[in-house]
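Worksheet: the structure to be examined is printed underneath.
Derivation of every value follows stated rules applied to the coordinates shown; laboratory data play no part. Quick caveat, the model's predicted, so the values are computed rather than measured. Quick reminder, even Gly has a Cβ in these numbers, built from the backbone with ideal geometry, and neighbours come from all protein chains shown.
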Amino acid sequence: MSDSQVQVHATAIDGLLIVDLPRPGDNRGWFKENWQRAKATAAGLPDFVPVQNNISFNGTRGTTRGIHAEPWDKYVSVATGSIFGAWVDLRRGPGFGTVVTHEITPSTAVFVPRGVGNAFQTLEDATAYTYLVTDHWSADAQSAYSFVNLADPQLAIDWPIDLDQAELSEKDRNHPLLADVEPLPPAPVLVIGTGGQLGSALTRALTDQDLPFTAYTRADLDLTNPARWPEGVRSGEGLRRYRAVINAAAHTAVDAAETPEGRTEAWAANATGVRALSTACERAGVPLVHVSTDYVFDGQLPLGQFYAPDAALAPCPSTASPRPRASAR
C-alpha cells in the first residue's frame, strides 16, 4: 500500500467497513491521518459528519469492553497498542446476529454504522482506543442503546483472552443473550407538514410499513418562522438522530399568493423557510427530501410520466392555463 492510499473493505455486516490506513514512519516514529475526509470518501467511506472525538485509555492487556450498539455512527481505531474488535449486527432485518471480528492496529480503522454492537479486547498494555461519533452523548440517547452478552454461545466470539481472565465490568458480564435482544429499528424519519394531505399520506405509509418517524404539524414547526422552530432543529443538532427529513409543508394557495400578503407568506414557506431547513440538514449531515409542487411545470408530459428533480422550470403563464397533467416527484 502506498503512503497516500486508503483502502476500504466490506464485511459480512452491511455497512461495517474495515479501513487500511497509511502509516509512514522513520527513526523518530510514525504518522497517520486517522480521518481525512477527501481521501476517506474517495476510497468508499460514507461522508459522515463526526461531532466528537473520544479516547479510551486501557492500562492492561485483556481489558474488554462491549457489546454496545449506539444510536449513531462510529469510526474507531487505536493510537497506541492493538485490540481484538468484535461487532454484532443488532438491527432489525436478515443480518440480525451476524458477527465480524478483526484485529485493529494503528494502521486500521473501522466504520461502525448505527445499530451495530461494538466491543473490543486489548492485546497490549497501554492501549489508547480512539473513536469519532456523529452525535453527542445524552441521557435520552442512552435509552436507545442495545446490548448483548460477550460470552453468548450463539455468537461464539473467539476472544483471544478468556473472559474469565479478562478485565471487564459487571454490567458487561450480565448483558442479555442474543435470543432476548429486541432488534433495533432503523433511525426515525422526521416528516414536516403532517397536517396536510401529502404529510398525512406519508405518515400513513410509514405506519403501514412499521417504520419509525416523528410527525410535525404546522403547530409544531411553522416553516415560515425558523426563529420559533423547536430547539436544535434550526442549528441541526436536534436532527442528527434522524436518518432523513421529509418536508411536505408548502404554501399551496395559488390564488392567495397573487396578493401582496399571500406572496410574502408563500415566499416565507416555499423559499426562505426551505433554505433554513436545508441549511440545518446540511449541518447535521442528514438528507432532506423536499417535495415541489406541480405548479412550476407546464404539465405537457403524458399521463403516468413524472418530472425529474432537474427538469427545466416551465410554469403556466396564467391562471387560465390548464392544470398540469403530470406530477412532480
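Brief remarks on what is shown
- The largest-to-smallest principal axis extents of the Cα set in segment 7-180 are 48, 34, 31 Å.
- D by Stokes-Einstein for segment 189-291, Kirkwood Rh over Cα pairs, 37 °C, 0.692 mPa s: 237 µm²/s.
- Descending principal axes extents, segment 10-59, alpha-carbon based, whole Å: 39, 28, 25
- Computed lengthening from Thr207 to Lys39, 0.36 nm per intervening residue step minus Cα-Cα distance: 56.5 nm
- When Rg and the Kirkwood Rh are both derived from Cα coordinates, the Rg/Rh ratio for the chain amounts to 1.08.
- Two-decimal log10 I(q)/I(0) for segment 199-241, as the Debye equation yields it once each C-alpha is a single scatterer, q = 0.26, 0.28, 0.33 Å⁻¹: -0.94, -0.98, -1.08
- Spin-label pair Ile55-His102: with each label point 7 Å from Cα along the Cα-Cβ axis, the two points sit 2.3 nm from one another.
- Shape of segment 1-84, Cα gyration tensor, a/c cut at 1.5: oblate
- Size descriptor for segment 97-186, Kirkwood hydrodynamic radius: 15.1 Å (Cα pairs only, one decimal).
- Taking 0.36 nm per residue of separation and subtracting the current Cα-Cα distance, fully stretching the chain between Asp255 and Phe31 would add 74.2 nm.
- Entry note, segment 7-180: relative contact order of 29 percent, from Cα contacts under 8 Å with a spacing of 6+ residues.
- Listed by chain and number, the aspartates and glutamates whose C-alpha is less than 17 Å from the C-alpha of Lys32, apart from same-chain residues fewer than 8 away, are Asp3, Asp20.
- Over the chain, relative contact order from alpha-carbon pairs under 8 Å, at least 6 apart, %: 14 percent
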